[in-house]
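Right, one structure below, let's go through it.
The values are calculated or read from the model by the stated rules, or taken from the named source; none is laboratory data. What you see is a predicted model; the values in this text were computed from it and never measured. Neighbour counts run over all protein chains shown; Cβ positions are idealised from the backbone, glycine included. The area values use the complete protein model at the heavy-atom level, side chains included, leaving out ligands, DNA and RNA. Shrake-Rupley method; radii C 1.70, N 1.55, O 1.52, S 1.80 Å.
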Amino acid sequence: MAIRHCFDRDVDQVLFEGNSCVKKVILNRPHKLNSLTYHMTCQMIKELKAYEVDPKVKIVILKGNGKAFCAGGDVLASYTCMVAGHWSYGMNFYKKQIMLDYLVATYGKPVVAIIDGIVMGGGAGLSLQGTFRIVTENTVFAMPETAIGHFTDVGSSYFLSRLPGFFGEYLGLTGTKIRGAEMVECGLANHFMLSKDVRLLETALDEVTSSDTKTISEIISKFMHKPNVKQHGAFSRLEIINKCFSRTTVEEILSSLESEAETRAEKWILEAINWMKSACPTSLKISLRSIREGRTQGLEQCLIQEFTVGSHIARRTVSDDFYEGTRAMLLDKDRNPKWDPSKLELVTDEIVDRYFSKADEDYMESLQLPTRSNLVDTMRPKL
């Protein structure tokens, strides 16, 4: 079973459609919320590279079949393979995901990501680097990695750190879900439309014969809809979020939230506290440092650093937390992971430093990203 999980190549996990000018890359594992596999990332890298050098291709559309764009990487499949001893699979898959995200971020032609459903983890890393990031009333975004002993990666140290104030820290440390309207409001997405109009938009984009972003933007704008932002939505709480999540350490952030809860026992504050108290303590500290450092780094630096941290996690050089978290939350589902260290105060700076240090082991090579000149800084730090 483990071997099959590792090298499973279900037919048509990604569909490649379109005409000579407009290419569509369609994630097609709806029964798994389009979670990414090694085979899928390899396919997409191959086809996207071919489209990029094909002079006839003017635009690429990313979308997912079913109720999700993409719920992230297939964590359970990677876990199953790595505990069975297939370390190279897990590390190669992680590297391929990062390479794919970097390819999209530096793509030489406009990329339109239609995010009409769930988008989490690796799905966010793939879609939020696109030129046009379109969401709908069905869109739900979250970065829940700290619940399984991992950290906010796949470029999130770049895109979360560039959200207004300390909203990125809030999303990364609490796993909070936000809807499409709030994604536009905070800057994660740049267009909102109704799900019922997605097919019409695709039909209109099928007529594109130029890579001119202004022309493409004008087509998309015809289908834009004013989002219904909830009065008490996540982004409306930015003042309190900034007050709490601007603190220097995770302990201080949690203490600040608890102080707020004493005077205003609002649901979102209690949910944030409960998440942080149940999440992996080490993952929280890694994620906070990653986002904070990402604020002064470019995308390439962010991805390289995330790969270093992810390699330590996968190879258990510091802790088994990722394996324990995956077991408890996704495999056995007892939802009772035994974190080590078990408390925030036991996670020292020295422990966190080890995740960000380059390992001496030969099998933990540094990530080498290809030189590409098309990186467009779609997000800037908004502190």
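Structure summary
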quantity: Conditions (1) open to solvent by less than 30 Å² (accessible area, probe 1.4 Å); (2) out of contact with any His (no Cβ under 6 Å at 6 or more places or on another chain); (3) farther than 21 Å from Ala272 by Cβ: number failed by Ile220; calculated: (2)
quantity: Helices (runs of 4 or more DSSP H) enclosed by segment 258-315 - at least 1 residues per element that are modelled with pLDDT under 95 and charged (D, E, K, R); calculated: 267-278, 299-315
quantity: Per-region count, segment 230-253, residues among the small types (Gly, Ala, Ser), at pLDDT below 95 and farther than 17 Å from Trp275 by Cβ; calculated: 2
quantity: Unique match (being of a type in the set (Val, Ile, Thr) and open to solvent by 50 Å² or more (accessible area, probe 1.4 Å)) among Thr248, Thr174; calculated: Thr248
quantity: Hits in segment 194-212 (condition: open to solvent by 70 Å² or more (accessible area, probe 1.4 Å) and under 13 Å from Pro110 (Cβ atoms)); calculated: Thr209
quantity: Some residue of segment 183-193 being within 14 Å of the chain's Cα centre (by Cα) and either surrounded by fewer than 24 Cβ atoms within 10 Å (Cβ to Cβ) or of a type in the set (D, E, K, R) (or both); calculated: no
quantity: Residue match in segment 96-110 (condition: more than 20 Å from Asn28 (Cα to Cα), open to solvent by 20 Å² or more (accessible area, probe 1.4 Å) and assigned to a helix (DSSP H, G or I)); calculated: yes
quantity: Gly121 open to solvent by less than 10 Å² (accessible area, probe 1.4 Å) and in contact (Cβ under 8 Å) with a residue 40 or more places away in the chain; calculated: yes
quantity: Boolean, Asp362 is modelled with pLDDT under 95 and either loosely packed, with under 14 Cβ neighbours inside 10 Å or within 30 Å of Val184 (Cα to Cα) (or both); calculated: yes
quantity: Counted residues, segment 126-160 - those being open to solvent by 10 Å² or more (accessible area, probe 1.4 Å), in contact with a strand residue (DSSP E or B) (Cβ under 7 Å, 6 or more places away or on another chain) and aliphatic (A, V, I, L, M); calculated: 1
